[in-house]
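The values are calculated or read from the model by the stated rules, or taken from the named source; none is laboratory data. None of these values were measured; they are calculated from a predicted model. Neighbour counts are summed over all protein chains in view; Cβ atoms, including those assigned to glycine, are modelled from backbone coordinates with ideal geometry.
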Amino acid sequence: MWRMSVAPMMDWTDKHCRFFHRLLSQHTLLYTEMVTTGALIHGDVKRHLRFEAQEHPVALQLGGSEPADLAQSAHLGQQWGYDEINLNCGCPSERVQRGAFGACLMNEASLVADCVKAMVDVVDVPVTVKHRIGIDKIESYDFVRDFVGTVAEAGCEVFIVHARNAWLKGLSPKENREVPPLRYEVVAQLKRDFPRLTIAVNGGIKTDDVVQQQLNQVDGVMVGREAYHNPWWLASWDALYYQDGSIERSRESVEEQMVLYMEHEAREHGTHWYSIARHMLGLRNGLAGARRWRQVWSDHKLKTLPPHEVMKLARTKPVQAEALSL
Ligand SMILES: Cc1cc2nc3c(=O)[nH]c(=O)nc-3n(C[C@H](O)[C@H](O)[C@H](O)COP(=O)(O)O)c2cc1C
């Protein structure tokens, strides 16, 4: 299940994005954005957890550090049909640190173990952890090895490891995805030391060559930004990584299915197509006319048109569009 996955990304991997990614790959595991226990316990559960049956397999990522709250949230996640509950121990944002969860939890392996145990006790689906290889300037391998060892003892069998440290002070979350160096060898070492655990690697992976190299060393690869910006890459994953070449896709057929989905979402939930289309803007990257296609689908002046009309415009040649005073 963890061979290929698309990373949890706040504001990006919402249900619309996941529906889109699922059209591109049947087998890739998809993660939600992080949902905090507070949002689930005090907020609008349906708004945070609703998803389409077609999205499976889909994992709910939780943010929190109170075992009882996490257990309650994990249970809700299972009730809503998620295939996995994942705990975020990798996010370095200050807001998350103030809530004392995310990457700073790597300093508290026994608390993470308590959190995992509390969740494992109340759900049947796998409880997994996403974390970094260290925090701040701690570069010793023992630190991450002991973290994984302690958390595994509590019942977590799957670790998704972002192969760089999180620097909790002085870097923005964005810089924390770019500045601390990638050290894939640490993740490979974890797999060697814990052969029975499932270990997936994350961070900076953009090509099939690197995916293949990683799959020779670890069990899975999680891709974040590259999957979002160049989604058509996903369309080759079923054949390449799951030996399933059964579905023939074209960018056009995916766009058409997205238009049907936009119409369905508007009818059933009042969702505007604009908040769905933003996730598919990279679909034609690399093709002639990609820029114009992207401009049409992101043109707020077209917001009043129904999505099938927008698709028509996006597909017309620039000269014709000029005549239509686009
Ligand atoms: C916009 C954005 C939002 C993110 N939000 C989350 C999040 O909610 N939870 C999480 O664990 N990681 C989050 N991440 C980190 C990614 O899951 C991933 O670990 C990171 O981008 C490195 O992978 P990549 O180099 O393939 O993008 C986010 C990344 C981005 C770009």
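Couple of notes before you dig in:
- First in segment 96-108 and at positive phi, second anywhere and part of a helix (DSSP H, G or I) and modelled with pLDDT under 90, Cβ under 6 Å, 6 or more apart: Gly102/Val96
- Taken over segment 293-315, the residue count meeting the criterion of being surrounded by fewer than 18 Cβ atoms within 10 Å (Cβ to Cβ) and either more than 28 Å from the chain's Cα centre (by Cα) or not in a loop (DSSP other than H, G, I, E, B) (or both) is 10.
- The set of residues from segment 90-101 being within 12 Å of the ligand (Cβ to nearest atom) and not in a helix (DSSP H, G or I) comprises Gly90, Cys91, Pro92, Ser93, Phe101.
- Members of segment 190-229 found to be assigned to a loop (DSSP other than H, G, I, E, B), away from the ligand (no atom under 13 Å from the Cβ) and surrounded by 20 or more Cβ atoms within 10 Å (Cβ to Cβ), listed by number: Val218
- For the condition in contact with a Gly (Cβ under 6 Å, 6 or more places away or on another chain), free of Cβ contacts under 8 Å to residues at least 12 places away in the same chain and not in a loop (DSSP other than H, G, I, E, B), Ala239 qualifies.
- Residues located in segment 102-159, provided they are buried (at least 17 other Cβ atoms within 10 Å of the Cβ), among the small types (Gly, Ala, Ser) and part of a helix (DSSP H, G or I): Gly102, Ala103, Ala109, Ala113, Ala118, Ala152
Yes or no, residue by residue, for (1) over 30 Å from Gly149 (Cβ atoms); (2) outside the structural domain of Arg315 (by TED's automatic domain parsing); (3) of a type in the set (Lys, Arg):
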position: Ile199; (1), (2), (3): no, yes, no
position: Gly204; (1), (2), (3): no, yes, no
position: Asp208; (1), (2), (3): yes, yes, no
position: Gln212; (1), (2), (3): no, yes, no
position: Leu215; (1), (2), (3): no, yes, no
position: Gly224; (1), (2), (3): no, yes, no
position: Pro231; (1), (2), (3): yes, yes, no
position: Ala235; (1), (2), (3): yes, yes, no
position: Met258; (1), (2), (3): yes, no, no
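- Scope segment 160-189; condition within 16 Å of the ligand (Cβ to nearest atom), surrounded by 17 or more Cβ atoms within 10 Å (Cβ to Cβ), outside any loop (DSSP other than H, G, I, E, B) and of a type outside the set (Lys, Arg); matching residues: Ile160, Val161, His162, Ala166, Asn176, Tyr184, Val186, Val187
- Segment 232-254, residues that are touching a strand residue (DSSP E or B) at 6+ places or on another chain (Cβ under 6 Å) and among the hydrophobic types (A, V, I, L, M, F, W, C): Trp237
- The residues in segment 20-54 that are away from the ligand (no atom under 13 Å from the Cβ) and either farther than 19 Å from Val6 by Cα or not assigned by TED's automatic domain parsing to the domain that holds Pro126 (or both) can be counted, and the count is 10.
- Residue within segment 74-81 that is crowded, with 24+ Cβ neighbours inside 10 Å, within 12 Å of the ligand (Cβ to nearest atom) and not aliphatic (A, V, I, L, M) present: no
- Leu234 within 16 Å of the ligand (Cβ to nearest atom) and assigned to a helix (DSSP H, G or I): yes
- Set side by side, the residues Leu60, Leu87 differ, and just one is free of Cβ contacts under 8 Å to residues at least 40 places away in the same chain, surrounded by 24 or more Cβ atoms within 10 Å (Cβ to Cβ), within 16 Å of the ligand (Cβ to nearest atom) and of a type in the set (A, V, I, L, M), which is Leu60.
- Residues being crowded, with 22+ Cβ neighbours inside 10 Å and not hydroxyl-bearing (Ser, Thr, Tyr) - total across segment 30-57: 4
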